[in-house]
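Worksheet: one structure, shown below.
Values quoted throughout were computed directly from the atomic coordinates according to the rules given, and no laboratory measurement underlies them. From a predicted model like this one, the values you see are computed outputs, not experimental measurements. Quick reminder, even Gly has a Cβ in these numbers, built from the backbone with ideal geometry, and neighbours come from all protein chains shown.
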Amino acid sequence: MKFKAILLTGRSLKQGIGKELSKVSDKYMESVSICEVHPKDAEELGLKEGDSIRVTTQFGSIVVKCNPSQNIAKSGIIFIPYGPYANMVMGPDTDSTGMPSFKGLSAEVEPAPGERVLNVKELLSQYLRR
Amino acid sequence: MVVIKNIICPICGCLCDDIEATVEDNKITKVKNSCSVSATKFLNYYKERNLSPLIRKNGELKPVSLEEAVDRTAEILMNADFPVIYGFACSGCEAQAVGVELAEEVGGIIDNQTVTCHGPSALGLHDQGMPTCTLGEVRHRADLIVYWGSNFQESHPRHLARYSASSEGRFRKGRKERKLVVIDVRKTPSARLADLFIPVAPGQDYELMLALRMALQYDDIEEESVAGLPVEQVEELAEMMRSCEFGVLFYGLGLTMSRGKARNIDMAVSLVRDLNKWTKFVIMPMRGHYNVTGMNEVTAWQTGYPYAVDLSHGYPWYSPGETTFTDLLRRGECDAALIVASDPLAHFPKNVAQNLCKIPYAVIDPHLSMTALAAEVVMPCAFTGIEAEGSAYRMDTVPLPLRKVVDPPSGINSDEQLVGMILHAIRSKRR
């Protein structure tokens with residue numbers, strides 16, 4: 001089972017606090033490896049807080065932790081805080097402005113039981129692949 | 001033990017100027033008046049810190065002398081055809097000025113984090129201007145505060161209390177004398193504080209602003225809904241904006257990063273311009289990094305342009321989309337970089353950022369980051385605003401002095417000093 005969603009990225013307080021501890025600290029990496037989903041969408045997929053989910057766009061795919069949240073006002077919208085996990089699935093085009101499209105990307109969300117969130121070194125190895 | 005008052009907070013564009021820190025044995029042990037993000041920085045700045053310059057040898061970062069790290073960075077930049085000097089949004093204006101000088105010396109690009117925050121605001125400003133004011137004006141006079149695409153409670157936690165709806169001004173005495181409207185695609189903690197929350201559909205901010213402009217002119221909107229909202233709600237919001245005495249539109253990355261980007265800012269400024277036919281209304285971007293505004297100011301003084309300036313021709317050339325670091329990396333056009341207090345590997349899309357890993361680059365940063373871990377050279381620096389002095393511009397372009405509260409660790413220089421050393425090394429080699 002999976003559902004289609006509009007992916008938003010943005011600031012979160014935990015991300016803000018985590019980055020001040022260090023951009024490679026556990027607290028920062030935990031704060032940016034979550035995905036807020038509408039509680040109804042989570043329920044339909046049988047997802048609880050902390051379950052692994054896979055978010056896929058035309059640009060890539062990443063496993064993050066599910067966070068059913070009242071912040072999501074409408075079903076079909078998901079949110080990942082700014083950071084390396086969100087950027088694994090963001091697109092490169094800037095529409096001649098310099099600004100990539102960090103908000104409003106089409107995505108698919110599916111449960112990812114047994115899959116885990118990558119750590120800093122594993123993420124980095126993805127970037128270093130030629 | 002000493003208590004230092006009126007410290008300016010080096011976190012976000014609010015530059016709160018009332019922080020109190022208790023210093024014992026050259027370490028901050030207590031902090032007052034700060035938000036949770038600021039407190040985390042003031043109480044943890046000395047932890048998880050890399051204090052040694054590093055150079056990549058046989059695939060691994062190894063400790064080296066500062067002289068060796070500076071020399072290697074100078075070589076990287078001198079041997080490049082099209083280097084980029086990027087970052088500086090968390091640096092003082094003095095370091096930023098040396099950064100521009102370095103870019104000119106090596107004939108490269110000088111760019112900063114504006115590219116992934118309010119670059120579209122700069123483009124909108126070029127097209128439309130920006131009817132704005134200081135945060136003090138907002139605090140004293142505004143009776144209608146609109147936040148559009150900004151979760152200020154999490155990105156700028158004290159903005160509401162110090163400068164806008166909950167602040168106590170001369171003519172507006174606090175929250176009861178002001179209306180707060182939040183327009184966003186999520187019902188964020190900020191939205192929950194609003195008198196009116198407008199849940200705009202993702203990517204349809206432009207349509208909503210256009211509809212508001214039509215409603216202000218009493219034009220018929222021949223649709224039942226716009227941007228996911230009933231037309232009656234659009235008209236109600238337009239009336240609320242028209243009938244205030246002093247309104248302000250604070251906007252965040254919800255406008256600059258969403259579909260439309262710079263066009264959204266054109267439309268937002270046009271909306272505010274229209275509102276000034278009826279009342280007093282101003283607009284202001286919610287700048288994120290504490291001195292990204294300063295980097296725009298400094299780059300503009302020195303080159304005429306606020307970011308993404310190409311100095312390879314011997315004169316400044318500015319063409320966002322062409323000379324922006326994201327686009328240069330995407331097309332694989334730059335061949336070396338110096339990254340100052342920034343982490344593009346974590347904050348650019350992977351398909352862009354991975355091209356950074358294909359070129360030699362050096363990093364100056366107080367902390368290790370993903371970008372530092374993949375660098376050729378890493379140089380630790382002091383935290384400006386805690387361990388080094390500097391100047392910074394608040395989001396309303398008011399300049400303020402950042403203070404040195406404690407001494408940096410032994411052997412750790414400011415970013416201004418380090419960029420200056422690289423510049424000096426390059427000039428010495430060229431003589």
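General remarks:
- GNM top mover of A:20, A:36, A:115 - chain A, alpha-carbon springs below 10 Å: A:20
- Inter-label distance, nm, simple model (7 Å from Cα along the C-beta direction), residue B:30/residue B:47: 1.9 nm
- Taking Cα atoms only, the orientation of helix B:262-275 departs from the longest principal axis of chain B by about 40 degrees.
- Placing unit charges on the Cβ atoms of the charged side chains and taking the dipole of the stretch B:70-222 about its Cα centre, the candidate lying farthest along the positive direction among B:113, B:89, B:216 is B:216.
- One quarter of the convex hull surface built on the alpha carbon atoms of the stretch B:119-285 amounts to 8.5 nm², the projected area averaged over directions.
- Rounded to whole Hz, the Karplus (6.51, -1.76, 1.60) HN-Hα couplings of the stretch B:15-32, x for glycine and proline: 6, 3, 10, 10, 6, 10, 10, 9, 10, 10, 6, 6, 9, 7, 10, 9, 9, 10
- Neighbour counts of C-beta atoms inside 10 Å place B:60, B:68 in the sequence B:60, B:68, starting with the fewest.
- Largest first, the extents of the alpha carbon coordinates of chain B on the three principal axes equal 68, 53, 33 Å.
- For residue B:246, the amide hydrogen comes within under 5 Å of the amide hydrogens of B:143, B:144, counting only partners 5 or more places away or on other chains and with H modelled in the peptide plane.
- Gyration tensor (alpha-carbon) shape descriptor, chain A, a/c threshold 1.5: rounded
- Whole-number D in µm² s⁻¹ for the stretch B:249-321, Kirkwood Cα-pair radius fed into Stokes-Einstein, 25 °C, 0.890 mPa s: 172 µm²/s
- Remark: the stretch B:298-313, residue by residue, has Karplus-estimated 3J(HN,Hα) of 5, 4, 5, 4, 8, 10, x, 10, x, 6, 6, 9, 9, 10, 6, 8 Hz, where x stands for each Gly or Pro and the curve is 6.51 cos²θ - 1.76 cosθ + 1.60 at θ = phi - 60°.
- Built amide H within the under 5 Å cut-off of residue B:87, gap 5+: B:111, B:112, B:113, B:340
- DSSP bridge pairs, the stretch B:119-285: antiparallel proportion in percent, nearest 5: 10 percent
- Descending semi-axes in Å of the stretch B:2-43, equivalent ellipsoid built from Cα gyration tensor: 17, 11, 7
- For residue B:226, distant residues with modelled amide H under 5 Å away: B:231
- Among A:69, B:414, B:428, B:270, the order by Cβ neighbours within 10 angstrom, fewest to most, reads B:428, B:270, A:69, B:414.
- Taken about its Cα centre, the stretch B:64-139 carries a charge dipole of roughly 480 debye when the Cβ of each Lys and Arg holds +1 and the Cβ of each Asp and Glu holds -1.
- Additional length obtainable on full extension of the chain from residue B:62 to residue B:18, 0.36 nm per residue less Cα span: 11.8 nm
- Phi-based couplings in Hz for the stretch B:331-344 (Karplus 6.51, -1.76, 1.60; Gly and Pro marked x): 8, x, 8, 8, 10, 5, 7, 10, 10, 10, 6, 8, 9, x
- The Cα-based radius of gyration of the stretch B:235-372, divided by its Kirkwood radius, gives an Rg/Rh of 1.07.
- Charging the Cβ of each Asp and Glu at -1 and of each Lys and Arg at +1, and nothing else, the dipole of the protein assembly as shown about its Cα centre rounds to 1120 debye.
- When chain A is treated as a GNM with alpha-carbon contacts under 10 Å, the residue of A:99, A:29, A:90 showing the greatest mean-square fluctuation is A:99.
- For the protein assembly as shown, share of DSSP beta bridges that run antiparallel, in % to the nearest 5: 50 percent
- With Cα atoms, 0 to 90° folded angle of helix B:66-78 axis to chain B main axis: 70 degrees
- A simple charge model with +1 on the Cβ of Lys and Arg, -1 on the Cβ of Asp and Glu and nothing else charged puts the dipole of the stretch B:2-43 at about 80 debye relative to its Cα centre.
- Bridge type composition, the stretch A:3-128 - antiparallel percent by DSSP, nearest 5: 65 percent
- Inverse mean reciprocal Cα-Cα distance (Kirkwood Rh) of the stretch A:73-130, Å: 13.8 Å
- Distance between the stretch B:291-329 and the stretch B:197-265 - C-alpha centres, whole angstrom: 32 Å
- Take the Cβ atoms of residue B:195 and residue B:140, set R0 to 25 Å, and the FRET efficiency comes out at 0.80.
- Based on every Cα atom in the stretch B:222-262, Rg and the maximum pairwise Cα distance Dmax equal 12.9, 31 Å.
- Other residues with beta-carbon under 14 Å from the beta-carbon of residue B:188 carry, at +1 per Lys or Arg and -1 per Asp or Glu, a net charge of +4.
- Gained length - residue B:222 relative to residue B:300, 0.36 nm times residue gap less alpha-carbon distance: 23.7 nm
- Ordered from longest to shortest, the equivalent ellipsoid semi-axes for the protein assembly as shown are 36, 27, 24 Å, each the square root of 5 times a Cα gyration tensor eigenvalue.
- With a Förster radius of 22 Å applied to the C-beta separation of residue A:27 and residue A:73, the computed FRET efficiency comes to 0.20.
- Cross-link reach list, aspartates and glutamates versus residue B:47, counting only Cα pairs under 17 Å and skipping chain neighbours closer than eight places: A:20, A:26, B:24, B:25, B:365, B:387, B:407
- Residues B:130, B:78, sorted so that the one with the fewest Cβ neighbours within 10 Å comes first: B:78, B:130
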